[in-house]
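A.B. asks: Okay, here's the structure, questions in a sec.
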Amino acid sequence: MLYLASKSPRRRQLLEQIGIRFDVLDVDVPEIRRIDEPAEDYVSRVAREKAGAGLLQVAAVAGACVLGADTEVILDGEVFGKPADAGDAVAMLARLSGRTHQVLSVVWCVDASREVHAVSVSDVRFDTLSQGRIEDYVASGEPFGKAGAYAIQGLAATFVSRLEGSFSGVMGLPLHETWRVLSELCVNHTQAKRAPGP
């Protein structure tokens, strides 16, 4: 049985998009970067800890396989997590304005005896955003709960002038990499659901 260790509705949506069968686990893993911890190490560690916490919940289930993921926005070596409030969101977007940042997404898949992971790095270029445009976006409520204070699949799609990498990775779950780790570790779950009949 495959489990997704995530509270994110976007990750659930993306897995469903590619026909994966899974159940959801509610895990609570602190997302706190250690002093001098490289960004990729931090994102990978959090994703692995989510998968591990999920596996502990279903340890008694034979054949349990757990997928964990984490996605962060990085600019100048700084990790932009989820904004704490409207002011924080405005400040993040102002710094991303007119620049290229990286979105780092890591997936870990673990079972009782093995674990595999994959990394996706995307470069995202933002248009130059006016203060008014930023404030209007923040007022929409969309930035909250999103790394870097934006959702590429939502209103912020108009901010992106260039994307090199994985659109689904920027959303929060890189589907190419996810399929690869699931195929390696949880092969029984990577069969697409049967399409409904006419």
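The values are calculated or read from the model by the stated rules, or taken from the named source; none is laboratory data. All values derive from a computational prediction rather than experimental measurement. Glycine gets a Cβ as well: all are built from the backbone with ideal geometry, and neighbour counts include every protein chain shown. Just the protein is used for accessible areas: all its heavy atoms, side chains included, with ligands, DNA and RNA removed. Shrake-Rupley method; radii C 1.70, N 1.55, O 1.52, S 1.80 Å.
A.B. asks: Find the centroid of the Cα atoms in region 121-187 and in region 57-120, then give the distance between the two in whole Å.
C.D. replies: If you average the Cα positions of each part, the centres end up 11 Å apart.
A.B. asks: While we're here: Taking +1 at the Cβ of each Lys and Arg and -1 at the Cβ of each Asp and Glu, which of Phe159, Ala139, Val58 sits farthest along the dipole of the chain towards its positive end, judged by Cα position relative to the Cα centre?
C.D. replies: Towards the positive end, the residue furthest out is Val58.
A.B. asks: Ranked highest first by the average count of other Cβ atoms within 10 Å around their residues, in what order do 150-160, 17-27, 173-183 fall?
C.D. replies: The most tightly packed comes first, giving 173-183, 150-160, 17-27.
A.B. asks: Can you give the local net charge around Glu164? Use residues other than it whose beta-carbon is closer than 10 angstrom to its beta-carbon, Lys and Arg +1, Asp and Glu -1.
C.D. replies: That works out to +1.
A.B. asks: Another question about this same structure. Counting heavy atoms of the protein chains only and a 1.4 Å probe, report the per residue accessible area for the chain as a whole number of Å².
C.D. replies: On the way: 9600 Å² over 198 residues.
Roughly 48 Å² per residue, with all protein chains present.
A.B. asks: Test of understanding: express the Cα radius of gyration of region 77-198 as a ratio to 2.2 N^0.38 Å, with N the residue count.
C.D. replies: 1.27
A.B. asks: As a check on your grasp of the helix formula, calculate [θ] at 222 nm for the chain: sum -39500 (n - 2.57) over DSSP H runs of n ≥ 4, divide by the residue count, round to the nearest 500.
C.D. replies: Values: 6 runs with 64 residues, N = 198.
My calculation for the chain gives -9500 deg cm²/dmol from helical runs alone.
A.B. asks: If you don't mind, another one. Express the relative contact order of the chain as a whole percentage, based on alpha carbon pairs under 8 Å and six or more residues apart in sequence.
C.D. replies: 24 percent
A.B. asks: Under a point-charge model restricted to the Cβ atoms of Lys and Arg (+1) and Asp and Glu (-1), what is the dipole moment magnitude of the chain relative to its Cα centre, in debye to the nearest 20?
C.D. replies: 620 debye
A.B. asks: For Phe167 and Arg21, FRET efficiency with R0 = 30 Å and r from the beta-carbon atoms, rounded to 0.05?
C.D. replies: Result of the calculation: an efficiency of 0.80.
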